[in-house]
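Everything below concerns the one structure shown next.
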Amino acid sequence: MKQNREVYDVIGVGIGPFNLSLAALLDTQETKALFFEQKPEFAWHPGMLIEGTKLQVPFLADLVTMADPTNPHSFLNYISQQGRMYQFYILQRLDIPRREYNDYCKWASERIGSCRFGKQVTAVHRLQDGRHQVDVQDASTGEVETFYTKHVVLGTGSTPALPEAFQNMPRQDVFHTADFEMQRQTCREAESVTVVGSGQSAAEAFRELLKEQRTCGFRLDWITRSPGFASMEESKLNLEHFSPDYIDYFYPLPQEKKDEIFASQGLYYKGISEHTITDIYNLMYEYTVGREKIDVSLLPLTKVTGIERKEGRYELSCHHYQKEEGYSHRTDKVIVATGYQPNVPSFIKELSDVIEFDDYGRYKVTKDYRLVNKGENAYNIFANSCIAHTHGVGSTNLGLAVFRSKVIVNQLLGKEVYPVQDSYVFQSFE
């Protein structure tokens, strides 16, 4: 094992948009930082980088602008460096293509010297003096190198949540929407395709398949246990829930109350955007001109309770819970749109002797994003993801990522590098 004796101010675990934002802000400061990512390069939900899809927040929610519009890692500087400023000006849009956001982040990650790809953090140990030892394995050589740091920032994001019943099926036939683009060609060649689940990812996968359904000739079905195909709540006053003010309100509530509130806010973050629903309806309307029939169905109020492979196809056990009736549904391909779950690394769970976890195994987090220590310690592990249970519905929203980075930077440097206001929105949640 190779040892690096230099002591860093901070080491980041994972390079998604959240930790990349932190790395971008720290890049202009006098600090020693490293960020490690096991993937060979930056890749943000590659399976859903569908042409024509757009980011669900304005481009101002880039890596740095909400904290420092003059930062060289801004989206506008990316556009300028690409030689596309006039094209973007003429585009006249606040939203940008999802593929472009990914390309922007990749561009930034290649410019920021603290970012290291193809490196997997395998362990974090707290030393006797309170600092941290971080073991990092090279993905290509298997070599392990040890680093030392005062602080650690976790930005490990989330992983696809695939129900147990679907986990042991052939990956090319039964897969999560996270793999949609990689498996899209297999759907084109199938006789029937079924999307299971609701929300934006399910709708986008269904819309893309609907565009090709008549040409390719497959049957297309969409099953969801939701009462309907509900649109996301995107009115401007409701968008104020994705603000520092709402964190101020939400964080002090009892954990039981926070869990109850969060469970009721699904349409704030996992409904379907209005334009996607409109696209789907318009396509189906066009297809049925002249009373033409299409081999497509949308089936709400239905829970899929099991899946079984039969004669090269898949039989879904379905239950219509309002009519209290069961039925079977046969298909060749199943696309599972059941969302994502927090990705808490196993090595963090092994730190239970020095940090606190709640009764559900989730780590406890201070309002300023530090994992709660057992006892006093001058150095901290920060959480830059997996904090919806403590900080609320905006925790996964890109619009709050830079605010969180500002708070963490101020703590790492021990001064207010980036001012934090008392109020940001019009309404009071108190």
Query raised in the report: Dividing the convex hull volume of the alpha carbon atoms of segment 65-200 by its residue count, what do you get in Å³ per residue?
Result: 235 Å³
Requested in this report: Would you list which aspartates and glutamates come within 12 Å of Lys367, measuring only between C-alpha atoms, while excluding same-chain residues fewer than 8 positions from it?
Outcome: Asp248
Query raised in the report: Past the 20 Å Cα-Cα mark, which pairs from Lys293/Lys323; Lys39/Lys364; Lys54/Lys236; Lys270/Lys303?
Result: Lys293/Lys323; Lys39/Lys364
Query raised in the report: Treating the beta-carbon of each Lys and Arg as +1 and of each Asp and Glu as -1, no other charges, what is the dipole magnitude of segment 101-185 about its Cα centre, to the nearest 20 debye?
Result: 320 debye
Query raised in the report: Once Lys and Arg get +1 and Asp and Glu get -1 on their Cβ, which of Ile408, Ile96, Gly52 lies farthest toward the positive end of the dipole of the chain?
Result: Gly52
Query raised in the report: For segment 261-390, what percent of Cα pairs sit more than 25 Å apart?
Result: 57 percent
Query raised in the report: In Å and whole numbers, how far do the C-alpha atoms of segment 333-430 stretch along each principal axis, longest first?
Result: 51, 39, 25
Query - Packing-based exposure ordering (other Cβ within 10 Å, fewest first) of Glu356, Glu100 - result: Glu356, Glu100
Query - Exposure proxy order (Cβ contacts within 10 Å, fewest to most) of Glu208, Glu308, Glu315 - result: Glu308, Glu315, Glu208
Query raised in the report: Taking the alpha carbon gyration tensor of segment 125-267, what are the square roots of 5 times its eigenvalues, largest first, to the nearest whole Å?
Result: 38, 28, 13
Query raised in the report: Straight-line reach from Lys2: which aspartates and glutamates have a Cα under 18 Å away, not including same-chain ones fewer than 8 places off?
Result: Asp135, Asp138, Glu143, Glu145
Query raised in the report: How far apart, in nm, are two points set 7 Å out from the Cα along the Cα-to-Cβ line at Asn377 and at Arg291?
Result: 7.3 nm
Query raised in the report: Which percent of the Cα-Cα distances in segment 201-292 go past 21 Å?
Result: 49 percent
Query raised in the report: Between Gln411 and Arg84, what FRET efficiency comes out of the Förster formula 1/(1 + (r/R0)^6) with R0 = 51 Å and r the beta carbon distance, rounded to 0.05?
Result: 0.90
Query raised in the report: When the chain is fully extended, how far beyond the present Cα-Cα distance does Asp422 get from Ala139, taking 0.36 nm per residue of separation?
Result: 97.5 nm
Requested in this report: Using a cut-off of under 14 Å, list every residue of segment 162-196 whose amide N is near the label point 7 Å from the Cα of Arg313 along the Cα-to-beta-carbon line.
Outcome: 190-194
Query raised in the report: Per the Kirkwood treatment, what hydrodynamic radius in Å, one decimal, follows for segment 1-81 from the mean inverse distance over all distinct Cα pairs?
Result: 14.8 Å
Report task. Would you mind checking the radius of gyration and Dmax of segment 84-123 based on alpha-carbon positions, in Å? Result -> 14.9, 49
**Report entry** Loop sites in segment 313-415: chymotrypsin sites (Phe, Trp or Tyr not before Pro), DSSP, at most 15 other Cβ within 10 Å
**Finding:** Tyr321, Tyr360
Report task. Return the Rg/Rh value of segment 251-308, two decimal places, where both radii are evaluated on C-alpha atoms and Rh is the Kirkwood radius. Result -> 1.21
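Every number in this text was worked out from the coordinates using simple rules, so none of it is lab data. As the structure is a computational prediction, the values presented were derived from the model and not from experiment. All Cβ positions, even for glycine, are placed from backbone atoms using ideal geometry, and neighbour counts span all protein chains on display.
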